Amino acid sequence: MGGIGPFVYTVRVRYADTDQMGVVYHARHLEWFESARTELLRAAGLTYKSMEEQGYFLPVIEAHCRYKLPVLYDEVVCVHTRMEELSRLKIRLGYKVFVQGKDGMRAEGWTLHCFTDPKGRPVRADAEIVGWMKDKLIGK
């Protein structure tokens, strides 16, 4: 049985997200990635808050974004998000950015996260939580 990915997060581009030319500022894509992964976990039944209550944090340790086509003011962005890698030490999520009603991928990227304790020290996540995430997010 497959997981829920790719999950699609949508957001409308605000004027404040753009530069003088009406093109989305490059760092907004990373903010969309953050929102998309948060909502992916929520859709699977797990919130960041509940993970933190269990003693796990998932800081970003690497991020990458390749920009292909511009995203403009007032367009509706669709961020397709999927879990690409998952172990007891780290997770990697992939993202593809599209504009609703238009052809062509606008950007693609990934973020890499490690499991840490509340003090920021790397830890191995319990096999139970990793198994649950594999089942819900990857389907393996």
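The values are calculated or read from the model by the stated rules, or taken from the named source; none is laboratory data. Remember, predicted model here, so these are calculated numbers, not experimental data. As a convention, Cβ positions derive from the backbone with ideal geometry for all residues, glycine included, and neighbour counts pool all protein chains shown. Just so you know, the surface numbers come from the protein's heavy atoms only, side chains and all, with ligands and any DNA or RNA stripped out. Shrake-Rupley method; radii C 1.70, N 1.55, O 1.52, S 1.80 Å.
Given the structure, is residue 110 within 13 Å of the chain's Cα centre (by Cα) and among the aromatic types (Phe, Trp, Tyr)?
Working: within 13 Å of the chain's Cα centre (by Cα): yes; among the aromatic types (Phe, Trp, Tyr): yes.
Yes; evaluated as a whole, the condition is true for this residue.
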* To do: Scan region 11-39 for residues that are of a type in the set (Lys, Arg), more than 12 Å from residue 63 (Cβ to Cβ) and surrounded by 12 or more Cβ atoms within 10 Å (Cβ to Cβ) and report the count.
  => 1
* Structure fact -> If you go through 63, 43, the only one that is open to solvent by 30 Å² or more (accessible area, probe 1.4 Å) and under 16 Å from residue 133 (Cβ atoms) is 43
* To do: Could you tell me which of the residues 97, 123 is under 29 Å from residue 23 (Cα atoms) and of a type in the set (A, V, I, L, M, F, W, C)?
  => 97
* Asked: Counting only residues that are in a loop (DSSP other than H, G, I, E, B) and at pLDDT 95 or above, which one in region 1-22 is farthest from residue 134 (Cα to Cα)?
  -> 14
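Among the hydrophobic types (A, V, I, L, M, F, W, C), at pLDDT 90 or above and touching a Gly at 6+ places or on another chain (Cβ under 9 Å): does that describe residue 69?
Working: among the hydrophobic types (A, V, I, L, M, F, W, C): yes; at pLDDT 90 or above: yes; touching a Gly at 6+ places or on another chain (Cβ under 9 Å): yes.
Considered against the rule, which asks whether it is among the hydrophobic types (A, V, I, L, M, F, W, C), at pLDDT 90 or above and touching a Gly at 6+ places or on another chain (Cβ under 9 Å), residue 69 comes out as yes.
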* Asked: Can you pull out the residues in region 103-140 that are surrounded by 13 or more Cβ atoms within 10 Å (Cβ to Cβ), basic (Lys, Arg) and out of contact with any Lys or Arg (no Cβ under 8 Å at 6 or more places or on another chain)?
  -> 136
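For region 51-101, name all the residues that are among the polar types (S, T, N, Q) and in a strand (DSSP E or B).
Across region 51-101, the qualifying residue is only 81.
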